[in-house]
Amino acid sequence: MMRPAGRQPGSVPPAVFPVIAAAFIQQIGAAFAVTIWPVLGGFGIVLLRFVVAETVLFAVIRPRVRGLTKRHCIAVCALVLALASMRTFLYNATGRSPSGSR
């Protein structure tokens, strides 16, 4: 079996840690969203989660935005719109469906 140059046998690839962190943060965000559901509703939770994600992204990663073309900006806006609408529809459907706790 071939391994990438510079990696020792048994070492963990660096991409594993961000994936584990993302899964952990996703679960924390979902648990927090359940507690504030009655106050904000589906749309408010989606908005709050996107604002927090954006803030963390720009604080930690600091993506370079100066070199982006109009085509890049349109692609990013389309992705954000797709993700936001998907989350909004999912959260609103979850809020309306019976949970079986009656």
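The values are calculated or read from the model by the stated rules, or taken from the named source; none is laboratory data. Note that the structure is a prediction, hence the values are computed from the model and not measured. Every residue, glycine as well, gets a Cβ built from its backbone with ideal geometry; the counts of neighbours run over all protein chains shown.
Test each condition in (1) modelled with pLDDT under 85; (2) in a helix (DSSP H, G or I) for S99 and report the one that comes out false.
(2)
With (1) modelled with pLDDT of 85 or more; (2) of a type in the set (V, I, T); (3) exposed (fewer than 11 other Cβ atoms within 10 Å of the Cβ) as the list, and V52 as the residue in question, which single condition is left unmet?
(3)
Going by the conditions given, is T88 among the β-branched types (V, I, T), modelled with pLDDT under 85 and surrounded by 11 or more Cβ atoms within 10 Å (Cβ to Cβ)? Walk me through how you get there before you give the answer.
On the way: among the β-branched types (V, I, T): yes; modelled with pLDDT under 85: no; surrounded by 11 or more Cβ atoms within 10 Å (Cβ to Cβ): yes.
Spelling it out, it is not the case that T88 is among the β-branched types (V, I, T), modelled with pLDDT under 85 and surrounded by 11 or more Cβ atoms within 10 Å (Cβ to Cβ).
Condition check ((1) surrounded by 10 or more Cβ atoms within 10 Å (Cβ to Cβ); (2) out of contact with any helix residue (DSSP H, G or I) (no Cβ under 9 Å at 6 or more places or on another chain); (3) modelled with pLDDT of 75 or more) across all residues:
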position	(1), (2), (3)
M2	no, yes, no
G6	no, yes, no
A21	yes, yes, yes
F24	yes, yes, yes
G29	yes, no, yes
I36	yes, no, yes
L40	yes, no, yes
F43	yes, no, yes
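Quick test for you: out of V52, V65, pick the one residue that is assigned to a helix (DSSP H, G or I) and free of Cβ contacts under 8 Å to residues at least 60 places away in the same chain. First the steps, then the outcome.
On the way: V65 fails: assigned to a helix (DSSP H, G or I).
Only one candidate passes the filter, namely V52.
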